[in-house]
2 protein chains.
Amino acid sequence: MEVREFQRWMEARYGKRDRRRGPDRTFCWFVEEVGELSRALRKGTREEQIHEFGDAMAWLISIGSLAGIDAQDALERYAKGCPKCAASPCACRFVP
Amino acid sequence: MEVREFQRWMEARYGKRDRRRGPDRTFCWFVEEVGELSRALRKGTREEQIHEFGDAMAWLISIGSLAGIDAQDALERYAKGCPKCAASPCACRFVP
């Protein structure tokens, strides 16, 4: 599945509810999912980890939709080289 | 671009560095990017918003890779129906 296809699927299924909730509260929900992912990675089952990862991705994509950001476009720009250092692979994605 | 393709591209480019940094510190970096996205949505330019959205997506995908989660598989499971309420569209994704 293409990222764009998933984003469109999300918009068709949840777009109306997401717009009613608004970008700020949707961001809050996303952050809640980030917390759930953290907990699942620490002590969850494999199924819970995959589930929470999918939730976090889905809510992040909803944030993109509400902001009019095409998720695939954003990823493709990322893949073209780091926007900060203009290198690919990015030279500023250091350890740590 | 398929989600899986992007995840493989990320692994090839950043996998070694990500593994050296480890899952916990990588999660910290992801959360930092979530903060930057929040700020960009509030007062950033269009370019900054797209950039920070791409960063947040990319770091979330790195977390998935470190946990052995296939991002595309996770999204496709999500698209098959909410794992909590087993309905598609999800009936538990309420407003707010």
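Fewest-first ordering of B:L66, A:L37 by other beta carbons within 10 Å of each residue's beta carbon gives B:L66, A:L37. Shielding of peptide A:55-62 by partners, expressed as the average count of other chain Cβ atoms within 10 Å per residue Cβ, is 5.
For A:K80, a cut-off of 21 angstrom between C-alpha atoms picks up these lysines, skipping any fewer than 8 places away in its own chain: B:K16. Position B:R8: other-copy label points at 2.3 nm, ordered by increasing distance, label point 7 Å along Cα→C-beta.
For region B:1-56, what is the convex hull (Cα atoms) projected area averaged across all directions, in square nanometres?
If I average the Cα hull's projected area over directions, I get 4.3 nm².
For B:Q7, neighbours were defined as the other residues whose beta-carbon sits under 12 Å from its Cβ, and their charges (Lys and Arg +1, Asp and Glu -1) total -3. Modelled spin labels at A:E48 and B:E47, positioned 7 Å past Cα toward Cβ, are 4.4 nm from each other.
Across peptide A:35-48, the average count of Cβ atoms from other chains found within 10 Å of a residue's Cβ is 2.
Between copies, B:D24 shows label-point distances of 3.5 nm, shortest first, with the point placed 7 angstrom from Cα along Cα to C-beta.
Between copies, A:K80 shows label-point distances of 3.6 nm, shortest first, with the point placed 7 angstrom from Cα along Cα to C-beta.
Laboratory data are not the source of any read-out in this text; all were calculated from the coordinates shown. This one's a predicted model, so the numbers in the text were calculated from it and none came from an experiment. All Cβ positions, even for glycine, are placed from backbone atoms using ideal geometry, and neighbour counts span all protein chains on display.
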